[in-house]
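Written out below as structure tokens is the structure these notes cover.
The values are calculated or read from the model by the stated rules, or taken from the named source; none is laboratory data. A quick note: this is a predicted structure, and the numbers were derived from the prediction, not measured. Neighbour counts run over all protein chains shown; Cβ positions are idealised from the backbone, glycine included. The area values use the complete protein model at the heavy-atom level, side chains included, leaving out ligands, DNA and RNA. Shrake-Rupley method; radii C 1.70, N 1.55, O 1.52, S 1.80 Å.
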Amino acid sequence: MNPLLRSLACALLLAPSLLPAAETQRFVLERPYQVAEIPEPDRNLPATNVILMIGDGMGIHHLSAAWAANRGRLFIENCPVTGISKTWCADKLVTDSAAAGTAMATGTKTLYKRVAVCPRGNKLDSLVDKAADMGKSTGVIATCELNDATPAAFCANNEKRSDSYGIIGDYPRSRADFIFGGGGKYFTQRPDGRDIFKEMQAQGYRIARSWEEAAALPPGKTLAVTAPGNLPPPSKRGDVLRRATLKALDTLSRNPEGFFLMVEGSNIDKAAHSNKLEEMMEELLDFDRTAGAVLDWASKHPGTLVVITADHNTGAFALTGGNREKGEINAQFGSGNHDGMAVPVYAFGAGSGAFTGIYENTDIFHKIMEAFKKGTFKPAPGR
């Protein structure tokens, strides 16, 4: 080997030891919350209602940290069925939220950064559209701006997830009956001069610009945009995600044909991108408490399917130590980006057995559609 190649080989061998170690961060949950046992109703019943919960960026490592912080118990653990979802998108091994959200919302793998648009450029119908076609009520809840990738995949179509005004401009034609999130700055003072609030009010939506206004609204078509951008963290916003979800369930469940509701814990991902452990843990635990409220509701309403998953994994996060009895975790972030790891899927209630195994993220759409089809099947008289 010539001297140059020998020097290069030695440098490559030594490089890992010369890299700075990832910073270890510490978090302690001072006030753990009690987790009740929630009985699963008959999973063989047909599914009239489906609630899809997405923890953005929430991998198994993140959930393990939340589990340890809350003294070894999470509400999500009440789900008796688990699976694994593969998250790659049509043109990249490591997806983004737009392509991953599109996969779950429409059952189609698409290109990086596309929102409910297939690789050929055609618009795709989402679970919101499919459920509405069945006569069901529909809803979308997020803690991020409503133009962000995941809620957009259920309510809009765009080749560029960065086209915030274009995505919000699609909301008046969305078939979602209950919409909650942030991003108010994109609804008014737009380059095209449109006022999206007025357009949607003309279509029968009641408009709320704060949670207090939303909570006071009677059941019906609702657009609640409670922040100009993303919602603040739980330490500032309180348990608004849980309360908005229960408000949506009360509203949508009045339809005898059933409903579809997507609930996203959006800012788990944003905190992981920034490597902010405390903020990420706040969001994770808030999402789990919201999942507890959803599972409790589903337990009392047989014929409801709950699916809890993530769109991808964020931050190359690792739980490196701690003390479960004290709710202490030590953790490191390996990056500020997504990675290609598969993510867990949890299911509870009607049709939940279909979600065991290893499958593509697009299969979440197809499994939900199959559950809905079984729920709408009515045997002929005498059969």
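Out of the residues in the range 241-255 meeting the condition of being of a type outside the set (D, E, K, R) and open to solvent by 10 Å² or more (accessible area, probe 1.4 Å), tell me which one is farthest from Asp288 (Cα to Cα). Of everything passing the filter in the range 241-255, Asn255 is farthest from Asp288 (Cα to Cα).
Evaluated against (1) open to solvent by less than 10 Å² (accessible area, probe 1.4 Å); (2) within 25 Å of Ala98 (Cβ to Cβ), Gly258 falls short on exactly one condition, (2).
In the set (1) outside any loop (DSSP other than H, G, I, E, B); (2) buried (at least 24 other Cβ atoms within 10 Å of the Cβ); (3) out of contact with any His (no Cβ under 8 Å at 6 or more places or on another chain), Ala100 fails one condition alone, (3).
Taking the criterion of being more than 23 Å from His366 (Cβ to Cβ), among the polar types (S, T, N, Q) and in a helix (DSSP H, G or I), the only residue of the range 116-171 that qualifies is Ser164.
Every listed requirement among (1) out of contact with any Leu (no Cβ under 7 Å at 6 or more places or on another chain); (2) buried (at least 20 other Cβ atoms within 10 Å of the Cβ); (3) among the polar types (S, T, N, Q); (4) under 26 Å from Leu29 (Cα atoms) is met by Gln332 save one, (2).
Scanning the range 282-298 for residues that are open to solvent by 10 Å² or more (accessible area, probe 1.4 Å) and in contact with a strand residue (DSSP E or B) (Cβ under 8 Å, 6 or more places away or on another chain) yields a single hit, Trp297. Restricting attention to the range 172-210, the residues that are over 23 Å from Lys123 (Cβ atoms), part of a loop (DSSP other than H, G, I, E, B) and modelled with pLDDT of 95 or more add up to 6. Could you tell me whether Asp148 is acidic (Asp, Glu) and either more than 27 Å from Pro234 (Cα to Cα) or open to solvent by 40 Å² or more (accessible area, probe 1.4 Å) (or both)? Judged against the criteria, Asp148 is not a match.
Do you know which residues across the range 30-67 are over 16 Å from Glu279 (Cα atoms), outside any loop (DSSP other than H, G, I, E, B) and aliphatic (A, V, I, L, M)? Hits for the range 30-67 are Val50, Ile51, Leu52, Met53, Ile54, Ile60.
A single entry from Ala291, Ala350 fulfils the requirement of being within 17 Å of the chain's Cα centre (by Cα), within 30 Å of Asp133 (Cα to Cα) and touching a residue at least 60 places away in the same chain (Cβ under 8 Å): Ala291. Somewhere in the range 172-195, is a residue farther than 21 Å from Ser97 by Cβ and polar (S, T, N, Q)? Scanning the range 172-195 turns up at least one residue that is farther than 21 Å from Ser97 by Cβ and polar (S, T, N, Q).
Inspect all residues belonging to the range 310-323 and state whether any of them is open to solvent by 10 Å² or more (accessible area, probe 1.4 Å) and part of a loop (DSSP other than H, G, I, E, B). Let's see the steps before the verdict.
Within the range 310-323, the first condition is being open to solvent by 10 Å² or more (accessible area, probe 1.4 Å), and the residues that meet it are 316, 318-323.
Pick out the ones that are also part of a loop (DSSP other than H, G, I, E, B) and you get 316.
The answer is yes; a qualifying residue exists.
Consider Ser64 carefully, then state whether it is at negative phi, open to solvent by 30 Å² or more (accessible area, probe 1.4 Å) and not aliphatic (A, V, I, L, M). For Ser64, the condition - at negative phi, open to solvent by 30 Å² or more (accessible area, probe 1.4 Å) and not aliphatic (A, V, I, L, M) - is met. Restricting the first member to the range 40-68 and to residues that are farther than 27 Å from His301 by Cα, and the second to residues that are at pLDDT below 95 and open to solvent by 50 Å² or more (accessible area, probe 1.4 Å), no beta-carbon pair is closer than 8 Å while six or more apart or on different chains.
Of the candidates Ile141, Ile207, the single residue that is aliphatic (A, V, I, L, M), surrounded by fewer than 23 Cβ atoms within 10 Å (Cβ to Cβ) and under 23 Å from Arg243 (Cα atoms) is Ile207.
Considering Lys130, Lys136, Lys86, the condition of being over 20 Å from Ser162 (Cβ atoms), open to solvent by 30 Å² or more (accessible area, probe 1.4 Å) and touching a strand residue (DSSP E or B) at 6+ places or on another chain (Cβ under 6 Å) is satisfied by Lys86 alone.
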